[in-house]
Amino acid sequence: MTHAASAQPLAARRSGALTGRLRAPGDKSISHRALILGAMAVGETRIAGLLEGEDVLNTGKAMRALGAQVERGDDGVWRVRGVGVGGFAQPQAPLDFGNSGTGCRLVIGAVAGCPVEATFDGDASLRKRPMQRVLDPLTRIGARVVSVDEGGRLPLVLRGATDPLPIEYEPPVASAQLKSAVLLAGLAAPGKTIVIEAEATRDHTERMLRQFGAEIKSTHHGDHGRRIVLTGQPELSPAEVVVPSDPSSAAFAMVGALVTPGSDIVLENVMMNPLRTGLFTTLKEMGAAIETVTSRNEGEEIADLRVTFSALKGVDVPATRAPSMIDEYIVLAVAAAFAEGETRMRGLQELRVKESDRLAATADMLRVNGVDVEIDKDDLIVRSKGRAPGGGLVATHMDHRLAMAALMMGLASEQPVQVDDTSFIATSFPGFVETMRALGADLS
């Protein structure tokens with residue numbers, strides 16, 4: 001069946017107030033890492049609240065193919081019996097990651113430290129995304145690229161290192177995926193693997209490595225960076241992982257409520273890691289009413305948040321904030337479409353290499369719905385008088401976040417907003433449409 005034949009178009013119409021409580025699915029970043037580190041530990045890891053979207057499930061399948069036992073219990077808890085650091089088995093078929101850049105890049109790193117050969121592949125969207133930046137440091141560790149598609153893209157065949165070497169590495173771009181791939185490969189190397197970040201990125205890998213028993217230290221470096229030192233060749237111990245709600249997924253209902261008059265919702269169990277909450281900081285600067293109802297620490301900071309309709313104003317978003325909200329700019333652009341004045345989002349070059357060219361696609365989403373938008377080099381500029389005309393058809397480019405953001409725009413636009421396909425939403429937010437309808441969203 002062709003993609004066009006299986007597309008699921010949908011329209012969002014101006015809705016009444018959104019009300020009620022919502023628990024967004026488990027955090028995708030933590031779900032990927034829990035499966036991978038569970039597979040690299042010795043013994044049984046238990047994971048509660050795992051995101052059961054296509055991206056994460058593909059990572060689970062890859063761990064099985066590499067020799068780990070991965071099973072979902074009747075109680076909804078996932079159990080992973082690992083093979084130890086460097087213990088992956090030779091997979092008998094290509095590892096297919098579907099739409100997931102995170103799963104693919106992290107597993108490339110994990111495999112790079114093992115003397116096995118694996119083929120990595122994905123869907124048409126993932127095949128367009130760059131992998132060379134990950135491969136460059138891994139070849140320094142000792143992995144060998146047997147074959148790779150033009151431009152350093154999938155499909156690729158990687159042979160992991162027989163005798164992995166520790167390296168000191170400074171990523172050329174702020175990327176948690178790149179950092180994590182190097183650290184996962186470095187687990188198999190003797191001595192110290194060091195990653196020096198000019199801009200600190202989300203630190204879930206470092207936190208979870210500690211939870212699984214690795215020796216890893218992170219210190220400040222420069223004005224905004226981190227120096228991370230990992231001691232290689234540990235025996236990772238199994239862990240009990242509880243996955244909090246994904247702030248990137250909670251962001252859509254949050255913005256939907258902020259722009260839809262009369263809305264009053266509570267988002268439950270949201271992870272509040274400070275390297276993931278740039279959107280929340282920005283929205284509050286815009287005048288958003290976001291209140292912390294309760295908070296607690298379960299390895300990560302977690303909170304219940306009350307969000308109510310707010311009159312937003314335009315702001316200038318600094319480039320230094322990008323690493324803490326790189327997945328949220330599309331939905332921030334929707335908030336900006338309903339904010340009075342100009343919102344300038346700076347330094348968004350990394351959006352060009354996501355599931356789609358998100359910088360261009362976000363501008364197109366706004367433009368086709370009558371919003372004044374401009375791309376100035378790597379900046380996105382949105383100008384509004386506090387309203388969005390709507391009435392457009394949004395091309396989603398197989399991008400789950402673009403589809404969800406466009407639907408949130410339609411809830412408060414003067415005319416309905418249509419998206420050409422919603423089938424990819426399940427990669428990060430299974431049941432999104434039904435969940436939003438339960439809050440009062442008019443989606444049909």
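The values are calculated or read from the model by the stated rules, or taken from the named source; none is laboratory data. Worth saying up front: this structure is predicted, and the values here are computed from it rather than measured. Every residue, glycine among them, receives a Cβ derived from its backbone with ideal geometry; neighbour counts consider all protein chains shown.
Taking the stated definitions as given, is Ala361 assigned to a helix (DSSP H, G or I), outside the structural domain of Gly101 (by TED's automatic domain parsing) and under 20 Å from the mean Cα position of the chain (by Cα)? When the stated conditions are applied, Ala361 passes them. In the range 393-429, what residues are touching a Pro at 6+ places or on another chain (Cβ under 8 Å) and either of a type in the set (A, V, I, L, M, F, W, C) or in a helix (DSSP H, G or I) (or both)? Across the range 393-429, the qualifying residues are Gly410, Ala412, Val419, Phe429.
Looking for something in a loop (DSSP other than H, G, I, E, B), modelled with pLDDT of 95 or more, surrounded by fewer than 16 Cβ atoms within 10 Å (Cβ to Cβ) and touching a strand residue (DSSP E or B) at 6+ places or on another chain (Cβ under 9 Å) - is there at least one such residue anywhere in the range 339-351? No, every residue in the range 339-351 fails to be in a loop (DSSP other than H, G, I, E, B), modelled with pLDDT of 95 or more, surrounded by fewer than 16 Cβ atoms within 10 Å (Cβ to Cβ) and touching a strand residue (DSSP E or B) at 6+ places or on another chain (Cβ under 9 Å). Among the residues of the range 49-85, those that are aliphatic (A, V, I, L, M) and touching a Ser or Thr at 6+ places or on another chain (Cβ under 8 Å) comprise Leu50, Leu51, Val56, Val80. Between Val368, Val315, the distinction of being of a type in the set (A, V, I, L, M), closer than 13 Å to Met286 by Cβ, surrounded by fewer than 24 Cβ atoms within 10 Å (Cβ to Cβ) and without any contact (Cβ under 8 Å) to a residue 60 or more places away in the chain belongs to Val315 only.
The set of residues in the range 178-213 being of a type outside the set (Asp, Glu), more than 25 Å from Thr162 (Cβ to Cβ) and in contact with a helix residue (DSSP H, G or I) (Cβ under 7 Å, 6 or more places away or on another chain) consists of Ala200, Thr201, Arg202, His204, Met208.
When restricted to residues that are over 27 Å from Ala93 (Cα atoms), part of a strand (DSSP E or B) and among the polar types (S, T, N, Q), the range 143-201 contains 1.
Close contacts from the range 239-254, counting a first residue that is closer than 20 Å to Asn297 by Cβ and a second that is β-branched (Val, Ile, Thr), with Cβ to Cβ under 6 Å and a gap of 6+ residues or different chains, come to Ala239/Thr45; Val241/Ile47; Val243/Ile30; Pro244/Ile302; Ser245/Val270; Pro247/Val270; Ala250/Val270.
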